[in-house]
Structure formats: structure tokens, C-alpha cells
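The values are calculated or read from the model by the stated rules, or taken from the named source; none is laboratory data. These figures come from a predicted structure and were not determined experimentally. Reconstructed Cβ throughout: ideal geometry from the backbone, glycine too, with neighbour counts over all protein chains shown. The protein model used for the area step is the full one, side chains on, heavy atoms only, and it has no ligands, DNA or RNA in it. Shrake-Rupley method; radii C 1.70, N 1.55, O 1.52, S 1.80 Å.
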Amino acid sequence: QVQLVESGGGLVQPGGSLRLSCAASGFIFRLYTMGWYRQAPGKQRELVANIISGGSTVYSGSAEGRFTISRDDAKNTVYLQMNSLKPEDTAVYYCNVRYSWQNYWGQGTQVTVSS
């Protein structure tokens, strides 16, 4: 079955960086669009970035210029490099794939940006 396992979250000071990873299994990874979403307390889950098969990317306005999504199809892993982090980036970050007309999510990884 489809499994997505995120890692790499933590506590970081404003202006710092983190790299999130999502290890995927249960489907042919290289064929599917992978996404990173986030959900802050009291807010709806929102798209951060997508990367399609072949490598084209889409970013939200808040992520553009600071975050970079990438994928390693040999490792079935998608990454999110986050730079210049701000307190408003604090959220649980989730990996996503839409497979067989269904959305799958990982368990999430907490990112806290605070001094």
C-alpha cells in the first residue's frame, strides 16, 4: 500500500534553514506528482510546493524564492529545502501524492520557527 514517511522537521531560529524529506513506497514513484503541504494551528492545510514527474515545479506565493522542492526518483524520495524561515512558516508539514484518484498523506513533521 501507499506509504509516505516525512522527516527533518524541528525547531529553528528565524532566518534559518531546514530540509524535509519524504520517503515513498507502494507506487511507481517516478510517474507521480509529489507535493508538500502544511497546516498551521487553526488554519486549513495549504499547498507549499509540487513537483511533477520530470521535475517541473509549482510553488505557493509564500514559498517562492525561499523553498526548493526536489525529487530523487532512484531513492523514491521528495525533499523540501526551506531557507530564510519565518515564524509564520511554523506548521506541520505533510507529504502528498494523489494515486488512483485518492489523496495520500504522511504523518507530518513539525516545523517550528522561533527565537
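Which of the numbered conditions does W101 fail, given that it passes all the others? Conditions: (1) farther than 20 Å from Q1 by Cβ; (2) surrounded by fewer than 14 Cβ atoms within 10 Å (Cβ to Cβ); (3) at pLDDT below 95.
It is condition (1) that W101 fails.
Out of the residues in segment 44-75 that are open to solvent by 60 Å² or more (accessible area, probe 1.4 Å) and without any contact (Cβ under 8 Å) to a residue 12 or more places away in the chain, which is nearest to T112 (Cα to Cα)?
Here the answer is Q44.
Quick one: in segment 104-115, which of the residues that are closer than 12 Å to L11 by Cα and hydroxyl-bearing (S, T, Y) is most open to solvent (accessible area, probe 1.4 Å)?
Looking at the filtered set, the residue picked out is S115.
Exposed (fewer than 15 other Cβ atoms within 10 Å of the Cβ) and either in contact with a Lys or Arg (Cβ under 7 Å, 6 or more places away or on another chain) or at pLDDT 95 or above (or both): does that describe E6?
no
Can you tell me how many residues in segment 10-24 are of a type outside the set (K, R), surrounded by fewer than 18 Cβ atoms within 10 Å (Cβ to Cβ) and either farther than 11 Å from N76 by Cα or in contact with a Pro (Cβ under 7 Å, 6 or more places away or on another chain) (or both)?
Number of matching residues: 7.
Restricting to segment 59-91, and then to whatever is under 12 Å from the mean Cα position of the chain (by Cα) and of a type in the set (A, V, I, L, M, F, W, C), can you tell me which residue is farthest from L31 (Cα to Cα)?
Applying the filter and picking the extreme gives A91.
Quick one: in segment 76-95, of everything that is closer than 14 Å to A23 by Cα and touching a helix residue (DSSP H, G or I) at 6+ places or on another chain (Cβ under 9 Å), which residue is least open to solvent (accessible area, probe 1.4 Å)?
That would be V78.
Before we move on, is F27 surrounded by 19 or more Cβ atoms within 10 Å (Cβ to Cβ), touching a residue at least 12 places away in the same chain (Cβ under 8 Å) and not polar (S, T, N, Q)?
no
Matching residues to (1) in a strand (DSSP E or B); (2) closer than 11 Å to C95 by Cβ:
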{"residue": "L4", "(1), (2)": "yes, yes"}
{"residue": "L11", "(1), (2)": "yes, no"}
{"residue": "P14", "(1), (2)": "no, no"}
{"residue": "R19", "(1), (2)": "yes, no"}
{"residue": "C22", "(1), (2)": "yes, yes"}
{"residue": "V58", "(1), (2)": "yes, no"}
